[in-house]
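Student: Below you'll find the structure I mean.
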Amino acid sequence: MKSFTLVACLLLPLWAQAANQKVVLDIQNMTCSLCVISVNQALRETDGVIKAKSSLKTRQAEAIVPEGFPTDTLLNAVAKTGYTATLNRIEQQ
């Protein structure tokens with residue numbers, strides 16, 4: 001019985017975890033490495049964002065957020081840097 005309880009306690013956190021999603025944004029007017037740094041910093045400082053990275057080559061940013069996270073929050077974070085972002089796609093993780 002003790003081993004069952006132990007196994008249940010170890011597996012419960014894995015089962016109870018909420019799903020995450022990857023939000024891909026297209027960033028307009030991102031032309032240099034400082035642009036990438038600004039967008040990365042803005043997204044990473046946004047409450048709820050688990051991970052974020054952007055690419056000058058693709059002119060896109062990817063953010064890992066909890067399922068159901070409002071995409072407007074990400075779009076507004078990018079807008080505060082002076083760039084315009086549009087939603088490209090959302091992928092379940």
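Student: Going by accessible area, probe 1.4 Å, with all protein chains left in place, what is the ranking of Ile64, Ile50, Ile27, largest first?
Tutor: From most exposed to least exposed: Ile50, Ile64, Ile27.
Student: Taking only protein heavy atoms into account and a 1.4 Å probe, give the accessible area per residue of the range 34-93 in Å².
Tutor: With all protein chains present, the range 34-93 gives 61 Å² per residue.
Student: Still on this model: Show me the ranking of peptides 36-42, 65-71 by mean Cβ neighbours inside 10 Å, starting with the highest.
Tutor: Put in order of decreasing packing, that is 36-42, 65-71.
Student: Let me spell out the model: positive unit charges on the Cβ of Lys and Arg, negative unit charges on the Cβ of Asp and Glu, origin at the Cα centre of the range 45-86. What dipole size does that give, in debye rounded to 20?
Tutor: So the dipole magnitude of the range 45-86 works out to roughly 300 debye.
Student: Sticking with this structure for a sec: Report the far tail of the P(r) of the range 41-89, meaning the percent of Cα-Cα pairs longer than 12 Å.
Tutor: Counting pairs separated by more than 12 Å, the tail of P(r) holds 60 percent.
Student: Taking all protein chains together and a probe of 1.4 Å, list Leu75, Leu43 from the most accessible to the least accessible.
Tutor: Descending accessible area places them as Leu75, Leu43.
Student: Same structure again: In the range 15-75, what trypsin sites (Lys or Arg not before Pro) fall in a loop by DSSP, with at most 10 other Cβ atoms inside 10 Å?
Tutor: Answer by residue number: Lys57.
Student: So, one more: If I stretch the segment between Ile64 and Ala79 completely, what's the gain in nm (0.36 nm per residue apart, minus their alpha carbon distance), one decimal?
Tutor: Taking 0.36 nm per residue and subtracting the Cα distance, the gain is 3.6 nm.
The values are calculated or read from the model by the stated rules, or taken from the named source; none is laboratory data. The structure presented is a predicted model; accordingly, all values stated were derived computationally and were not measured. Ideal geometry is used to build each Cβ from the backbone, glycine not excepted, and the neighbour counts take in all protein chains shown. Quick note on the areas: whole protein, heavy atoms, side chains included, nothing else; ligands and nucleic acids left out. Shrake-Rupley method; radii C 1.70, N 1.55, O 1.52, S 1.80 Å.
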